[in-house]
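A.B. asks: So that we are looking at the same thing, I have put the structure below in structure tokens.
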Amino acid sequence: MKAFFPLIVACLLAACDQPAYQPLFSVCGKLSEYPAVSKAGYDGMELIIGDFFVPDKSDSVFLANLEQMKRSDAKIVSCMQFFPAWLKITGPEALYDEALAWAETTFRRAQMANVPYIVLGSGDARMAPAGFDKQEAIRQFTELCRLLAPLAQKYNITVLVEPLARKYSNIILTLGEGAAVVKAVNHPNVQLLCDIYHMLLENDPPDEIIKYGEYIRHCHIAEKEARTAPGTVGDDFRPYFEALRQINYQGYISVEIDYVDGVYQWDNFEKQLASALQYMKRSLH
């Protein structure tokens with residue numbers, strides 16, 4: 001027994017020497033909010049594609065946004081809400097050519113802004129129309145991802161497939177279904193986003209993060225009941241954070257709360273920014 005005691009002590013000391021799990025944190029919002037986000041201690045920000053890259057507008061409009069980003073020294077880690085509702089990507093009237101043109105403008109501008117990830121959620125655009133076969137809609141979505149992959153590679157961008165709860169979409173609801181698309185595309189520039197809020201709505205267990213961890217490149221988070229900021233109600237995110245720790249996830253966890261008519265629904269923006277970050281960091285341990 002004495003022979004094992006030094007070994008036990010050594011193992012305990014080694015465990016103590018391990019650094020605490022510390023992913024990076026960001027906030028979904030508008031570029032003008034970056035100073036407050038940075039002051040609160042976040043590592044970066046996530047913007048809406050239509051606001052920042054403005055794919056439907058001229059380069060001059062985007063370049064003004066890019067100049068604003070440079071002046072603020074903002075760290076933009078990702079952009080989301082890829083395809084607008086009118087640009088249907090499933091169904092009998094899927095607009096592939098328009099979608100690819102929209103994507104190329106987005107990717108080119110993302111490269112100019114040094115933004116590595118484009119999130120493909122786009123629930124309204126991908127919603128299978130009433131009466132349309134959902135498996136065919138998934139096939140269409142997957143085929144579009146195949147077409148996007150080399151285009152994204154051209155501009156050194158990674159497209160992130162985002163599973164959305166049935167409240168927001170009727171196809172690709174769970175992490176496993178998102179991973180199935182990524183595996184079918186089989187291209188390094190199409191990977192997976194893990195959204196803890198949508199996982200909570202779909203009762204998608206934390207173990208799914210471990211199961212599909214090799215594809216996960218980015219993460220969103222909000223509380224389940226009203227899509228509020230972490231710590232507002234006090235949802236327990238620890239099992240999901242533990243799953244992220246187990247896959248050695250080193251990317252960003254981005255707070256994405258309820259979004260109504262172009263406005264994120266913070267009760268008190270600056271106060272909640274800080275308290276949400278503190279709550280998430282406490283939940284890591």
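A.B. asks: Could you check the simple spin-label distance between Gln68 and Trp86, using points 7 Å along Cα→Cβ, in nm with one decimal?
C.D. replies: 2.2 nm
A.B. asks: Still on this structure, please answer the following. Can you give the Rg and Dmax of the stretch 89-193 based on its C-alpha atoms, in angstrom?
C.D. replies: 13.1, 41
A.B. asks: Between Arg139 and Leu24, take the C-beta separation as r, use R0 = 25 Å, and let me know the FRET efficiency to the nearest 0.05.
C.D. replies: Approximately 0.10, to the nearest 0.05.
A.B. asks: Please identify the longest segment of the chain free of exposed GluC sites (Glu not before Pro), where exposed means a DSSP state other than H, G, I, E or B and no more than 11 other Cβ atoms within 10 Å.
C.D. replies: No qualifying site falls inside 94-224, the longest such stretch.
A.B. asks: How much length would be gained if the chain were fully extended between Arg282 and Lys224, taking 0.36 nm per residue of separation minus their Cα-Cα distance, in nm to one decimal? Present the calculation step by step, with values, prior to reporting the outcome.
C.D. replies: Numbers: separation 58, 0.36 × 58 = 20.88 nm, distance 1.86 nm.
Fully extending the segment from Arg282 to Lys224 adds 19.0 nm.
A.B. asks: Using the structure shown, list the pairs from Lys88/Lys224; Lys39/Lys154; Lys88/Lys154; Lys183/Lys281; Lys57/Lys154 with a Cα-Cα distance above 26 Å, or answer none.
C.D. replies: Lys88/Lys224; Lys39/Lys154; Lys183/Lys281
A.B. asks: Follow-up question, since we're still on this one. Would any residue of the stretch 118-137 have its amide N under 15 Å from a label point 7 Å out along Cα→Cβ of Ala184? List them or say none.
C.D. replies: The answer is 126-128, 133-137.
A.B. asks: Another question about this same structure. In whole Å and largest first, what semi-axes does the C-alpha gyration tensor of the stretch 21-283 yield when each eigenvalue is scaled by 5 and square-rooted?
C.D. replies: On the way: eigenvalues 138, 107, 57 Å².
Those come to 26, 23, 17 Å.
A.B. asks: Between Ile210 and Asp261, take the C-beta separation as r, use R0 = 30 Å, and let me know the FRET efficiency to the nearest 0.05. Let's see the in-between values first.
C.D. replies: Details: r = 37 Å, r/R0 = 1.25.
It comes out at approximately 0.20.
A.B. asks: Report the extension gain between Asp97 and Gln111 in nm, rounded to one decimal, defined as 0.36 nm multiplied by the number of residues separating them, less their alpha carbon distance.
C.D. replies: 2.9 nm
A.B. asks: So, in nm, how far is label Asn268 from label Arg146 when the simple model puts each one 7 Å beyond its Cα toward the Cβ?
C.D. replies: My value for the distance between the label points is 5.3 nm.
A.B. asks: Cα centroids of the stretch 64-106 and the stretch 174-226: how far apart, whole angstrom?
C.D. replies: 21 Å
A.B. asks: On a 0 to 90° scale, report how tilted helix 269-283 is relative to the longest principal axis of the chain, with both axes built from alpha carbons and the result rounded to the nearest 10.
C.D. replies: 50 degrees
Read-outs throughout are calculated quantities, based only on the coordinates presented, and are distinct from any laboratory measurement. Being a predicted model, the structure only gives us computed values, none of them experimental. Methodologically, a virtual Cβ is constructed for each residue, glycine included, from the backbone with ideal geometry; neighbour enumeration extends over all protein chains shown.
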